[in-house]
Amino acid sequence: MPSKNHYIYDPDQCEFVPVKYDIKKKLINSISFWLINGLVMAIFGLAVLTNYVGTPAEIALKDENRILVEHLKNTETSLIELEKKLEDIAELDNEMYRTILGLDPVSEDLRMAGTGGANIYSDFDYFNRETSEILLSTASKIDKLERRIGVQRLSFNEIKGHYNNNKERLRKIPAIKPVNSIILDGFGMRTHPVLGYKRQHDGVDFRAEINSEVFATGDGKVVYASRHGSYGNLLEIDHGFGIVTRYAHLNRFADGIRPGTKVKRGEMVAYTGNTGLSSGPHLHYEVLVDGKPVDPINYMIADITPEEYLMFKELNENQESLFSISIPD
């Protein structure tokens, strides 16, 4: 077994003699040894931690950056949803409000409100690729939304000004639903519920029990109130400016309603029924402009929400009925 003693050469004795330590000195040497080794290991560990993991401040900053990037991603998703809503508003603006008021639609190029020139997002190039792409996408979408909202604000101001200058005409526009009920069938091609083949449906059908009240949808004058072939009992109101509304399959007309009678928007003019070519009680409603049928949905600006408008517009584009009830000749 090797000796644990340390030796030193003694010239007087010409031999190696054991070194003798007192306890205090030996304890100091041991503590010094472990302190020096511990310090070296700590420095080495700190160097590894700094180079490969990071300091506590760097770790906290990385966590903060990760949370900010996630927040930016959520913001980008929200901006995409806002873009879609703004597109829906623009569609309503062109197809409902501006069309009804006789205003030219705002062009798509103007609505996009594009810009050109220097790269205003060059500062983002200093970040890492993922962060730079998110910042670029988010900032560009915000700028685009601000420009498009500005265009839409100008359009609404134009509509408001046109309304103020054309109040008489607007009182005559059929802007409400003719009955307090929901739409069951839209405008466009559909399968005839009785004849069994596809043909054009020139109006919309409202669900209604017999003798539900029917209201004039705009100021005008009654021009027809009698039976008319597959329409059954039919009421026609001339609103001027080339606009006529039709209310079909009626049970009867309200008191005093006859050709020549002037009516106001919201005035009760008839009662729903099941007369004519109809497979069940309901109200068939049409809007004609210069003698041609148009989608009545585009005129119900006071009574339907944008969501309802878009839903029935999609229904008409698909050329399928939600419920097939009836269609007049």
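The values are calculated or read from the model by the stated rules, or taken from the named source; none is laboratory data. From a predicted model like this one, the values you see are computed outputs, not experimental measurements. Every residue, glycine among them, receives a Cβ derived from its backbone with ideal geometry; neighbour counts consider all protein chains shown.
Points worth noting:
- Any hit, the stretch 185-196, residues being modelled with pLDDT of 95 or more, in contact with a Leu (Cβ under 7 Å, 6 or more places away or on another chain) and of a type outside the set (Ser, Thr, Tyr): no
- Residue list for the stretch 222-232, filter: surrounded by 15 or more Cβ atoms within 10 Å (Cβ to Cβ) and not polar (S, T, N, Q): Val222, Tyr224, Ala225, His228, Tyr231, Gly232
- Which numbered condition Asn211 fails, given (1) surrounded by fewer than 19 Cβ atoms within 10 Å (Cβ to Cβ); (2) closer than 24 Å to Gly280 by Cα; (3) in contact with a Pro (Cβ under 8 Å, 6 or more places away or on another chain): (3)
- Residue match in the stretch 205-219 (condition: in contact with a strand residue (DSSP E or B) (Cβ under 6 Å, 6 or more places away or on another chain), assigned by TED's automatic domain parsing to the domain that holds Thr275, farther than 19 Å from Ile304 by Cβ and small (Gly, Ala, Ser)): no
- There is at least one residue in the stretch 147-166 that is outside any helix (DSSP H, G or I) and surrounded by 13 or more Cβ atoms within 10 Å (Cβ to Cβ).
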